[in-house]
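Reading through the structure tokens given below for one structure.
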Amino acid sequence: MSLVLTAFTQRGTALACRISSALGGQVCTLPKFRREGTETYTSFSQWTAAHFAAGDDIIFVSAVGIAVRAIAPNLQDKFIDPAILVVDEAGQFVVPVLSGHVGGANRLARQVAQIIGATAVISTATDVNGRFAVDEWAAAQGLPISDRAAAKTISAALLAGEPVGFTSEFSHDSLPEGVTEGTLTPGFAVTCRADDVFPAGTLVLHPRALAVGIGCKKSLPPERVTETVTDLLRRQGLALESVFCLASIDLKREDAGIRRLAERLDVPCRFYTAEELAVAAGNFSGSDFVRSVIGVDSVCDRAACLAAEGGPLLVEKTARDGVTVAVAQRGYFVRFEVEE
């Protein structure tokens with residue numbers, strides 16, 4: 001995902017280049033408006049469709065109608081459509097047309113307005129009423145929203161002046177106006193716990209804060225590693241969505257089971273040498289036999305703590321079906337002051 005800009009006059013192209021020089025992104029125009037550093041297209045509609053499908057944010061330096069007609073055939077869903085902005089060629093107004101909150105168009109509009117000295121024309125209800133927008137905030141924090149209905153209910157409650165609850169095992173700064181500490185319905189939670197731990201209707205947001213350490217026997221079927229680890233996390237009430245990496249000893253770098261699990265969770269793997277594992281901080285249950293074989297007394301718990309940057313073990317070393325698993329949690333802070 002990246003930023004692209006387009007314009008349809010010489011003046012508009014100059015403004016697009018000015019914005020691009022500050023924010024990055026590629027300016028594309030018709031050949032007759034080409035300037036140094038810009039690219040051209042022969043089909044405006046195809047160009048728009050391609051970048052829309054790629055999830056690129058698009059800034060049109062043009063009339064709003066041009067942008068609306070261009071994006072209309074490509075609209076899908078407010079939770080996946082990219083940010084679409086329109087800037088008039090005189091640089092007076094910046095209008096977020098699509099994906100103001102989740103796509104970040106409102107924030108991008110404010111940035112552009114500040115760069116060119118324009119007015120950002122924000123029309124979303126929570127913004128014009130000065131209310132906390134949980135969907136925009138979650139997107140800015142990298143917290144995917146899986147329950148759209150709950151997000152809408154929270155916004156409606158805040159607009160109506162009704163209290164919204166907030167819970168988390170993590171520290172946080174001052175809560176936004178209208179948000180109250182504790183379990184309320186509607187409410188939202190920032191947590192590594194599984195969704196079913198919370199009351200129905202709670203918007204549960206999972207930060208990537210869990211490191212899963214793994215040790216396993218050679219030649220185990222990859223499916224067994226995946227089943228064992230995912231089942232352990234479920235039994236511990238931990239969310240798969242909160243895993244940010246798998247960790248093990250470097251001898252397991254090519255292990256098919258660990259690689260398959262990483263693909264299933266869409267996370268990277270981190271591998272450590274025996275020497276690196278040996279100096280991990282913490283109280284670990286080790287084995288002299290394991291040390292004699294691989295050079296360190298334990299793998300999964302030490303690897304988890306290293307990957308979590310010294311964070312505490314939530315799940316100590318657990319062995320089952322030829323797989324050993326431990327889970328550590330890295331530091332995380334819930335920040336409500338969104339930086340522009």
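The values are calculated or read from the model by the stated rules, or taken from the named source; none is laboratory data. Predicted model, so just to flag it, every value in this text is computed and none were measured. Cβ: placed from backbone, ideal geometry, glycine included. Neighbour counts: every protein chain shown. For accessibility, only protein heavy atoms count, side chains too; no ligands or nucleic acids. Shrake-Rupley method; radii C 1.70, N 1.55, O 1.52, S 1.80 Å.
Heavy-atom accessible surface of Leu143, to the nearest 10 Å², is about 10 Å², with a 1.4 Å probe and all protein chains retained.
Dividing the mean sequence gap of close Cα pairs (under 8 Å, 6+ apart) by how many residues the chain holds gives a relative contact order of 11 percent. Given a 1.4 Å probe and the protein chains as shown, Asp77 ends up with an accessible area of around 40 Å². Protein-only accessible surface at a 1.4 angstrom probe places the residues Val212, Val102, Val279 in the order Val279, Val102, Val212, largest first. All other residues whose Cβ lies under 10 angstrom from that of Ala83 are scored, Lys and Arg at +1 and Asp and Glu at -1, for a net of -2. With protein chains left intact and a 1.4 Å probe, residues in segment 1-127 average 46 Å² of accessible area per residue.
Under 19 Å from a label point set 7 Å out along the Cα-to-Cβ vector of Ala278, the amide N atoms of segment 212-256 belong to 248-252. Expressed to the nearest 5 percent, the antiparallel share of DSSP beta bridges inside the chain is 35 percent. Of the whole protein surface, Arg131 contributes about 80 Å² of accessible area at a 1.4 Å probe radius.
The apolar share of the surface of the chain, taken as the fraction of accessible area on carbon and sulfur atoms (1.4 Å probe, ligands and nucleic acids excluded), comes to 49 percent.
Under a cut-off of 16 Å between alpha-carbon atoms, report the lysines in cross-link reach of Lys78, not counting same-chain residues fewer than 8 places apart. Cα-Cα hits under 16 Å: Lys152. Going through (1) 41; (2) 27; (3) 21, the figure that equals percent of Cα pairs over 35 Å apart as computed for the structure here is (1). The alpha-carbon of Lys218 sits under 23 angstrom from the alpha-carbons of these lysines, leaving out residues fewer than 8 places away in its chain: Lys252, Lys317. By DSSP, the beta bridges lying fully in segment 94-235 are antiparallel in about 10 percent of cases.
Rounded to 0.05, the FRET efficiency of the Gln92 and Lys32 pair, given R0 = 25 Å and the Cβ-Cβ distance, is 0.50. Backbone N atoms of segment 37-77 closer than 20 Å to the 7 Å Cα→Cβ label point of Val121 belong to residues 58-72.
The magnitude of the dipole of the chain, with charges of +1 and -1 set on the Cβ of Lys/Arg and Asp/Glu and taken from the Cα centre, is near 680 debye.
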